[in-house]
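We did not get these values from a lab; they are worked out from the coordinates using the rules stated. Remember, predicted model here, so these are calculated numbers, not experimental data. Ideal geometry is used to build each Cβ from the backbone, glycine not excepted, and the neighbour counts take in all protein chains shown.
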Amino acid sequence: EAQVTQNPRYLITVTGKKLTVTCSQNMNHEYMSWYRQDPGLGLRQIYYSMNVEVTDKGDVPEGYKVSRKEKRNFPLILESPSPNQTSLYFCASSLWQGETQYFGPGTRLLVL
Amino acid sequence: GDSVTQMEGPVTLSEEAFLTINCTYTATGYPSLFWYVQYPGEGLQLLLKATKADDKGSNKGFEATYRKETTSFHLEKGSVQVSDSAVYFCALSPNTGRRALTFGSGTRLQVQP
């Protein structure tokens, strides 16, 4: 089944404790992206990647890092999480930049 | 910059009622326009899209027409069902540059039996 998977689905952590949210797609997509969803704001892009080893900032990149060492994986790294990063995070992928994006199920993060 | 404005929710309708969710956008050039749906506890799914002016996207009884003159992409369905209860997001993607999706804030639809 073609899909985008994320882990974990739910995470509670404390300020400053590094964490990684994994994202994997099995559709051989070139383009991958991370979004955060906050009430009343819709989804905002954090980082994106057009191909392996090619990443760039989205609209709200502060406090986040990403890497794209393999085509299928695009982890989101929070080196020192803060409470304002409490949010619902979605990974998405598409065949090319500008094509229809397919979303993962989301990761709900709470930073205390 | 680009922006998308949706009507505030929640929208509460009875089963078989007519649905309209308004969406207007601001963008340079001719972006592609999308409606995504998010069912409870799930990620976003593409509902329909249109890539140029006057195109009509349709899927599962939902329709939206790309109106360049009014910069709108309103979502409509003639007869809603309880299973349509979800959050609906209007979004655009420019056809140049980064091509990131810009989303509206979402409209929650509740359909009562």
**Study point:** Inter-probe distance in nm under a simple model that places probes 7 Å from Cα toward Cβ, at residue A:22 and residue A:62
**Key:** 3.1
Point to revise | Equivalent ellipsoid, chain A (semi-axes from 5 times Cα gyration tensor eigenvalues, Å) | key: 22, 14, 13
Exercise for review: Determine, for B:99, B:67, A:36, the number of other Cβ atoms within 10 Å of each Cβ, and report the residues in order from fewest to most.
Suggested key: B:67, B:99, A:36
**Study point:** Under the Karplus curve 6.51 cos²θ - 1.76 cosθ + 1.60, θ = phi - 60°, whole-Hz ³J(HN,Hα) for segment B:68-85, x wherever Gly or Pro sits
**Key:** 5, 5, 10, 6, 10, 8, 6, 8, 9, 8, x, 8, 7, 10, 4, 5, 7, 4
Exercise for review: Choose one answer from B:65, B:26, B:102: the residue with the largest mean-square fluctuation in a GNM of chain B with alpha-carbon springs under 10 Å.
Suggested key: B:26
**Study point:** Residue of A:102, A:47, A:35 that the Gaussian network model of chain A assigns the largest fluctuation, springs spanning Cα pairs under 10 Å
**Key:** A:102
Study note, to complete from the structure: segment A:59-99: relative contact order from alpha carbon pairs under 8 Å, six or more residues apart, as a whole percent, is 28
